Amino acid sequence: MLAAELRLHDVRVLVVEKQTEPASAVRIVGLHIRSLELMAMRGLLERILPHGRKRPAGAYFAAIAKPAPPGLDSRYAYLLGIPQPVIERLLEEHAIEQGTQVRRGCAVTGFEQDDEGVTVELADGERLRSRYLVGCDGARSTVRKLLGVGFPGEPARTESLMGEMEVGVPPEEVAVTVAAIRETHQRFWLRPAGVGVYSVLVPAAGVSDRAEPPTLEDFKQQLHAVAGTDFGVHSPRWLSRFGDATRLADSYRVGRVLLAGDAAHIHPPIGGQGLNLGVQDAFNLGWKLAAQIHGWAPETLLDTYQTERRPVAEAVLDNTRAQTELLSTEPGAQAVRRLLTELMDFDEVNLHLLEKITAIGIRYDFGAGPDLLGRRLRDIDVKQGHLYDLLHRGRGLLLDRTERLTVDGWSDRVDHLADSTAALDAPSVLLRPDGHVAWIGDDQQGLDDHLSRWFGKPAH
């Protein structure tokens with residue numbers, strides 16, 4: 001995603017990927033509302049939708065079954081379940097179409113940076129030279145370790161086994177047993193994933209130091225321990241394990257080397273926020289890094305990547321910590337869960353928690369101003385159709401209801417739509433390429449000040 005964002009701004013990009021082939025595990029991931037909005041902003045949503053399954057928004061927080069509250073302020077108020085290999089393939093194809101080079105079977109083993117760039121060494125001894133290096137290499141990030149950035153937090157206390165396999169008992173028997181167990185065990189399910197195939201989640205016996213996948217025998221033992229039966233599981237498609245470790249990088253940037261996605265933050269997968277958090281990192285970083293490379297970035301623009309995204313990750317880590325506690329079978333945790341279940345009958349509480357999970361409640365600190373300042377703007381109707389259709393090129397946008405403002409001097413970076421009919425409760429707004437509102441007002445001087453703040457000096 002980051003590569004495609006950089007290519008929108010004509011930055012040369014090389015992705016080096018350690019794996020020789022895409023991941024084969026057909027794990028279903030969910031794109032939440034904010035990620036769906038971002039995909040729509042780049043014209044990707046229509047490409048992705050046919051490969052996923054829409055599910056109602058709601059029941060995200062600690063798997064507490066509540067419908068979505070009224071007032072969800074988005075055109076894309078649903079969850080899109082999609083196989084992880086499919087979304088990875090679609091995004092890779094998109095990046096390559098934009099002009100990204102991708103080299104598989106290339107592992108980074110070292111790098112050195114200086115005032116002009118970064119020299120990266122690959123496992124085969126080849127050395128590459130670049131202006132910047134971004135480690136998008138996951139929880140065990142080589143780039144983060146080589147950079148010497150701390151990754152404090154809590155190690156895994158519990159571990160879960162997850163996979164897809166066939167079962168040897170009738171579906172009715174599976175459904176009855178699972179329903180009874182899930183009254184008290186939320187970290188357990190068998191869900192249909194095809195004809196005779198189930199997605200299986202079960203607590204592991206303990207926390208393992210092993211990086212390799214579990215065995216089918218591990219699943220059988222734990223299914224017996226929790227459910228009293230192993231459901232006759234056999235013929236696994238894929239098997240994996242994951243823990244509830246929670247860690248956040250001390251810094252997202254050291255000089256010309258940056259971190260994004262799981263390289264910068266890890267947390268329990270509850271709420272399905274991990275992939276979404278990483279994609280949103282990419283949208284925040286892409287245009288800023290491109291501006292830095294092209295030389296028009298204001299002095300502190302690239303620093304705002306960390307000041308904006310690290311607090312978001314901190315909030316996600318906190319909400320996953322809270323959700324994890326609510327999954328415990330201990331009496332105290334179950335009492336808190338029952339209390340929260342009651343509180344979520346209040347629409348305001350339910351909406352607040354759902355906005356946390358789906359990231360539509362994020363407000364970056366852009367200083368004093370109306371509540372909309374620093375927030376994302378929903379996909380409103382404009383005279384040309386939908387707002388997000390105007391953001392496909394990854395540029396800033398002035399949505400001008402006064403029809404008397406101008407972006408002269410910044411027109412190579414910012415588009416201008418004069419539209420007095422736009423469904424917007426503000427005279428005019430300046431949008432960054434990631435869709436967040438950078439300025440609200442009706443005076444040219446105020447606009448110019450904020451154009452300079454976010455898009456650098458005017459071209460003339």
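The values are calculated or read from the model by the stated rules, or taken from the named source; none is laboratory data. Just so we're clear, the structure is a prediction, and the values are computed from it rather than from any experiment. Cβ sites come from the backbone with ideal geometry, for glycine too, and all protein chains shown count toward neighbours. These area figures cover heavy atoms from the full protein model, side chains too; ligands, DNA and RNA do not enter into them. Shrake-Rupley method; radii C 1.70, N 1.55, O 1.52, S 1.80 Å.
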Practice item. Filter segment 340-362 for residues that are surrounded by fewer than 14 Cβ atoms within 10 Å (Cβ to Cβ) and within 26 Å of Leu301 (Cα to Cα) and give the result. Key: none
Practice item. Evaluate the following for Arg337: is it of a type in the set (Lys, Arg), closer than 23 Å to Gly153 by Cβ and surrounded by 15 or more Cβ atoms within 10 Å (Cβ to Cβ)? Key: no
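Can we say Phe188 is over 20 Å from Gly271 (Cα atoms) and within 32 Å of the chain's Cα centre (by Cα)? Please lay out each step first, then the result.
Values: over 20 Å from Gly271 (Cα atoms): no; within 32 Å of the chain's Cα centre (by Cα): yes.
It is false that Phe188 is over 20 Å from Gly271 (Cα atoms) and within 32 Å of the chain's Cα centre (by Cα).
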Point to revise | Any chance Asp371 is free of Cβ contacts under 8 Å to residues at least 12 places away in the same chain, loosely packed, with under 15 Cβ neighbours inside 10 Å and closer than 26 Å to Arg310 by Cα | key: yes
Revision key, fill the gap. The number of residues in segment 207-237 that are crowded, with 18+ Cβ neighbours inside 10 Å, outside any helix (DSSP H, G or I) and not aromatic (Phe, Trp, Tyr) is 3
Exercise for review: Considering each residue of segment 86-109, count those that are over 20 Å from Gly43 (Cα atoms) and either open to solvent by less than 40 Å² (accessible area, probe 1.4 Å) or not in a loop (DSSP other than H, G, I, E, B) (or both), and give that number.
Suggested key: 8
Study note, to complete from the structure: Of the listed residues (Ala438, Ala459, Ala423), the one being modelled with pLDDT under 95 and under 29 Å from the mean Cα position of the chain (by Cα) is Ala423
Study note, to complete from the structure: Exception for Leu122 within (1) open to solvent by less than 70 Å² (accessible area, probe 1.4 Å); (2) closer than 30 Å to Pro268 by Cα; (3) among the hydrophobic types (A, V, I, L, M, F, W, C) falls at (2)
Review point. Given the conditions (1) over 22 Å from Ile357 (Cα atoms); (2) touching a residue at least 24 places away in the same chain (Cβ under 8 Å), which single one is not true for Glu46?
Key: (2)
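Take the conditions closer than 26 Å to Gly361 by Cα, touching a His at 6+ places or on another chain (Cβ under 9 Å) and either buried (at least 21 other Cβ atoms within 10 Å of the Cβ) or not hydroxyl-bearing (Ser, Thr, Tyr) (or both) and apply them to Gly435. Does it pass?
no
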Exercise for review: Kindly establish whether Arg131 is closer than 27 Å to Leu239 by Cβ and either open to solvent by 40 Å² or more (accessible area, probe 1.4 Å) or at pLDDT below 95 (or both).
Suggested key: no
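Only one residue in Glu325, Glu314 is touching a strand residue (DSSP E or B) at 6+ places or on another chain (Cβ under 7 Å), surrounded by fewer than 18 Cβ atoms within 10 Å (Cβ to Cβ) and in a helix (DSSP H, G or I), so which one is that?
Answer to the check: Glu314.
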Practice item. Only residues that are open to solvent by 30 Å² or more (accessible area, probe 1.4 Å), of a type in the set (A, V, I, L, M, F, W, C) and at negative phi: list them for segment 20-59, please. Key: Ala23, Ala25, Val26, Ile28, Leu49
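Counting only residues that are out of contact with any Lys or Arg (no Cβ under 8 Å at 6 or more places or on another chain) and surrounded by 13 or more Cβ atoms within 10 Å (Cβ to Cβ), how many does segment 394-407 have?
The qualifying residues number 9.
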Review point. Here are some conditions: (1) touching a helix residue (DSSP H, G or I) at 6+ places or on another chain (Cβ under 9 Å); (2) modelled with pLDDT of 95 or more; (3) part of a loop (DSSP other than H, G, I, E, B). Asp250 meets all but one. Which one does it not meet?
Key: (1)
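Residues Glu183, Glu166, Glu173: which one is out of contact with any Ser or Thr (no Cβ under 7 Å at 6 or more places or on another chain), modelled with pLDDT of 90 or more and among the charged types (D, E, K, R)? If you could, list the steps in order and put the result at the bottom.
Values: Glu183 fails: modelled with pLDDT of 90 or more; Glu166 fails: out of contact with any Ser or Thr (no Cβ under 7 Å at 6 or more places or on another chain).
That would be Glu173, the only listed residue that is out of contact with any Ser or Thr (no Cβ under 7 Å at 6 or more places or on another chain), modelled with pLDDT of 90 or more and among the charged types (D, E, K, R).
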Point to revise | Residues satisfying the stated conditions in segment 136-149, i.e. without any contact (Cβ under 8 Å) to a residue 40 or more places away in the chain and open to solvent by less than 60 Å² (accessible area, probe 1.4 Å) | key: Thr142
**Study point:** Matching residues, segment 150-170, being out of contact with any strand residue (DSSP E or B) (no Cβ under 7 Å at 6 or more places or on another chain), of a type outside the set (A, V, I, L, M) and open to solvent by 30 Å² or more (accessible area, probe 1.4 Å)
**Key:** Pro155, Arg157, Pro170
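Have a look at Glu112, Glu88, Glu93 and point out the one that is out of contact with any strand residue (DSSP E or B) (no Cβ under 6 Å at 6 or more places or on another chain), under 28 Å from Val134 (Cβ atoms) and without any contact (Cβ under 8 Å) to a residue 60 or more places away in the chain. Don't jump to the end; show me each part of the working.
Details: Glu112 fails: out of contact with any strand residue (DSSP E or B) (no Cβ under 6 Å at 6 or more places or on another chain); Glu88 fails: without any contact (Cβ under 8 Å) to a residue 60 or more places away in the chain.
Selected residue: Glu93, the only one of Glu112, Glu88, Glu93 that is out of contact with any strand residue (DSSP E or B) (no Cβ under 6 Å at 6 or more places or on another chain), under 28 Å from Val134 (Cβ atoms) and without any contact (Cβ under 8 Å) to a residue 60 or more places away in the chain.
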Review point. Which members of segment 256-280 meet the condition of being in contact (Cβ under 8 Å) with a residue 40 or more places away in the chain and part of a helix (DSSP H, G or I)?
Key: Gly261, Asp262, Ala263, Leu275, Asn276, Leu277, Gly278, Val279, Gln280
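Rundown of residues vs (1) touching a Cys at 6+ places or on another chain (Cβ under 8 Å); (2) under 24 Å from Met39 (Cβ atoms); (3) not basic (Lys, Arg), yes/no style:
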site: Thr329; (1), (2), (3): no, no, yes
site: Arg337; (1), (2), (3): no, no, no
site: Leu340; (1), (2), (3): no, no, yes
site: Asp345; (1), (2), (3): no, no, yes
site: Asp381; (1), (2), (3): no, yes, yes
site: Leu387; (1), (2), (3): no, yes, yes
